[in-house]
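Visitor: Right, I'll just put the structure down here and ask away after.
The values are calculated or read from the model by the stated rules, or taken from the named source; none is laboratory data. For clarity, every value in this text was computed on a predicted model and none was experimentally measured. Ideal geometry is used to build each Cβ from the backbone, glycine not excepted, and the neighbour counts take in all protein chains shown. Calculation scope for accessible area: heavy atoms of the full protein, side chains included, ligands and nucleic acids excluded. Shrake-Rupley method; radii C 1.70, N 1.55, O 1.52, S 1.80 Å.
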Amino acid sequence: HHVDTQLTSNTTNKTTASPSINDENDLRIRQVCEFYTKSLKNTDVQVVLLTDDVGCRNKALEEQSKKKSKSGMYKACSVREYVRTLEEEDSSLSLLDVVAQFTVAPSSSTTTTSTTRSSFKRVFPPHLSSSELLLGVKSGQYFQGILRTERASS
């Protein structure tokens, strides 16, 4: 079964000279979704590709529209869309407020207009500059990590 999910020169995109690691990983994930969809076609199981990567979702929809066969179809959606669907099915769930809301900041490689830049204003001024913060993390004065909290446990 692992052969169905391997990348070969036929499956990689030939329009780009060298696809990024992220693009290759996205392709592998979509191939795994397609493999499980085909393997589970005689069951009631629906394969869902959960990704907040808009490009990956769009490519999944594009690849599926080219295939026209319903046997290799899986659902591609964001985590927020999927949770919204779950809440529509069971109104007792209240998970949408727990799901992170992503906003994509413009990358430095793209040209941004003054209106786009103004929409990403800081709410609070930084206590330290980025360079001071990075220096503090490297020296061990500050620690970098993830803080996970729950409203219910307070």
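Visitor: What FRET efficiency comes out for Ile21 versus Ser91 if R0 is 30 angstrom and r is the Cβ-Cβ distance? Round to the nearest 0.05. Don't skip to the answer; put the middle values down first.
Guide: Details: r = 41 Å, r/R0 = 1.37.
About 0.15, to the nearest 0.05.
Visitor: So, one more: Starting with the highest mean, order 86-98, 55-67 by the number of other Cβ atoms within 10 Å, averaged over the residues of each peptide.
Guide: Listed from highest to lowest mean packing, they are 55-67, 86-98.
Visitor: Label-point separation (nm) for Leu128 and Asp44, each offset 7 Å from Cα along Cα-to-Cβ?
Guide: For Leu128 paired with Asp44, the spin-label model returns 5.5 nm.
Visitor: Got a sec? What order do Arg84, Arg151 fall in by accessible area at 1.4 Å, biggest, i.e. largest, first?
Guide: Listed by decreasing accessible area, they come as Arg151, Arg84.
Visitor: While we're on this one: Could you work out how far apart the two model spin labels at Lys138 and Gln31 are, taking each label as a point 7 Å from the Cα in the direction of the beta carbon, and quote it in nm?
Guide: Taking the two extended label points, one gets 3.9 nm.
Visitor: Next question. In what order, largest first, do Val137, Val123 sit by accessible area if the probe radius is 1.4 Å?
Guide: Numbers: Val137 45, Val123 120 Å².
So, going from the largest accessible area down, we get Val123, Val137.
Visitor: On average, how much accessible surface per residue is there in segment 32-88, in Å², for a 1.4 Å probe, leaving out ligands, DNA and RNA?
Guide: Counting only protein heavy atoms, the per-residue value for segment 32-88 is 65 Å².
Visitor: Sort 128-136, 28-36 by the packing proxy (mean of other Cβ within 10 Å over each peptide's residues), most packed first. Write out the running numbers ahead of the final one.
Guide: Numbers: 128-136: 11.6, 28-36: 18.1.
Averaged packing, sorted descending, gives the order 28-36, 128-136.
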